[in-house]
Structure formats: C-alpha cells, structure tokens
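Chemist: Got a structure here, written out as structure tokens. Questions coming.
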Amino acid sequence: MKKTILLLVLFVFASSLAQESKSPALVTVMGEGKLKIIPDQVSIQIAIESKGTDTKTVKDQNDAKTATVLKSIKKMGLAPADVQTQRVNLNPAYDYETKKTFIHANQTIRLLLRDLSKYDALMTELVSAGITTISSVEFQSSQEAKLQSEVRKLAMQNALTKAQDYLSVVGQKVGKVQSISDNSVSSAPQPFYNTKMMAMQTNDAPRETLAAGELELSVQIQVSFFVN
C-alpha cells in the first residue's frame, strides 16, 4: 500500500514537472501609439459672481447678470446643447476687517464653441456682458473618438514590430496574442488657459488671442505574444 501511494505521488510530481516544462514561450513588449491633431473646438468655463449683505438681493443681482450673459451667448449663435450650467453657489462668508457677514453668489457655466473663428468675438461679448472669471479654456477635437481608435491601432502595430525585432535575432517568429493590457493614463490636454480677463484690450485694433496649438493623443499597451 505504501509503495502504491509513493508511486502515485511520484507520478503526480513527474506529471507536474512535464506540464511546467511544456509552458509556452512568450515575448512581452510595450507598444505606444501617438497622434498629433489640430483642435477644431474649444470648451470655455466662465463664472458670474456677486457679493452683498442681503441674501435675496445678492441672488437677484447674480440671476440678472447670468440672464444677461446667457442672452449674449445666444446672440453669438451657440446651440442650447452647448451651454451648460455646472454650479450655483450661495454662501455666507465672514469678513474680519469689517466685522460683517457677506453673501457670495457664484454661477458657473461651461460653453462649447464649435467655430474657433468666433473665439475673440465671444470673449469680448462675455466680458461686456459682465462675467467675473474665465476659469479655463480647453481645446478639443470633434474627431477625438475616431482618432483614438487609430492611435490604438498604432500602439498595437508598434508592439508587434518590437516583438518581431526581438525574435528575428534568435530565428523565431511571433505567434498569436496571449494578452493585451491598456496602460494608458487618461488626461484631457489643456494647452491654453486664460484667467486674466481684465487684460483684454478695449481698443478696436486687430488682435489675435487664440493659440490653439496641437493636441496629442497617446495610448500605451502591454502585449504578450506566443513564440513560434
């Protein structure tokens, strides 16, 4: 009986070693795809603020300012779907110098301008309408989803080329894909910001304040190929 158990253990151990020795060979590489694109639209975040000692008065003032701003935006031809209110805040704040409590009203709006040629005119219109802050200006591409697919393909081709380079030296070939892992870090490119509103020129001289630059889409993947 003991001999039988011993033989069984040895058989299982030998089978395990045989399976390990038959584990398929793999080559694992990092692939990267990059594509530079010209932005064709811009997302702008603005804020309208008011301050006072009476809550209702401050809110009414800020609502009136916001209505004027929205009217100006509509005049510039932006579609309703491209204008979104993001935050409305009404908060008390104590001023230690005056020993008074002030009420701060703040309304944040995000705009999507699909025609970059209207950028300067829109900014001038917003300032004239009474906005307080331009929080951010983020350039985008309307084709980003489609182009992102192309970047993924470039990353995969890059990984395949690397694997072929490595294996060609030892006389082996790349087989089927064993696994793919996307290691990309998602981040929205923001090549331009403008938070100093009062620096905008007030004369009629021609000016260019738009610097859209380029956006870069990138994808990083890790791919394991079987070795033939």
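Values in this text are rule-based calculations from the coordinates and carry no lab data. A quick note: this is a predicted structure, and the numbers were derived from the prediction, not measured. Heads up, the Cβs are rebuilt from the backbone with ideal geometry, glycines too, and the neighbour counts pull from every protein chain shown.
Chemist: Would you calculate the convex hull of the Cα atoms in the range 69-179 and tell me its volume per residue in Å³? Provide the component values of the computation, followed by the final result.
Modeler: On the way: hull volume 27.1 nm³, N = 111.
Spread over its residues, the Cα hull of the range 69-179 gives 244 Å³ apiece.
Chemist: Right, something else. When the chain is fully extended, how far beyond the present Cα-Cα distance does ALA145 get from LYS56, taking 0.36 nm per residue of separation? Mind showing how you got there, number by number?
Modeler: Values: separation 89, 0.36 × 89 = 32.04 nm, distance 4.48 nm.
Length gained between ALA145 and LYS56: 27.6 nm.
Chemist: In nm, to one decimal, how far is the modelled label at SER136 from the one at ILE38, with both set 7 Å along Cα→Cβ?
Modeler: With each label point 7 Å from Cα toward Cβ, the separation is 2.6 nm.
Chemist: Moving on to the next point. If R0 is 30 Å, what FRET efficiency do you get for SER184 and LYS118 from their C-beta distance, rounded to 0.05?
Modeler: Numbers: r = 33 Å, r/R0 = 1.10.
Once rounded, the FRET efficiency stands at 0.35.
Chemist: Note the full-extension length gain between LYS100 and ALA79 as 0.36 nm times their separation in residues minus their Cα-Cα distance, in nm to one decimal. Working shown, then result.
Modeler: Numbers: separation 21, 0.36 × 21 = 7.56 nm, distance 4.21 nm.
Length gained, LYS100 through ALA79: 3.4 nm.
Chemist: Once label points are set 7 Å from the Cα along Cα→Cβ at both GLU214 and VAL227, what is their separation, rounded to one decimal in nm?
Modeler: Label-label distance for GLU214 and VAL227, simple model: 3.8 nm.
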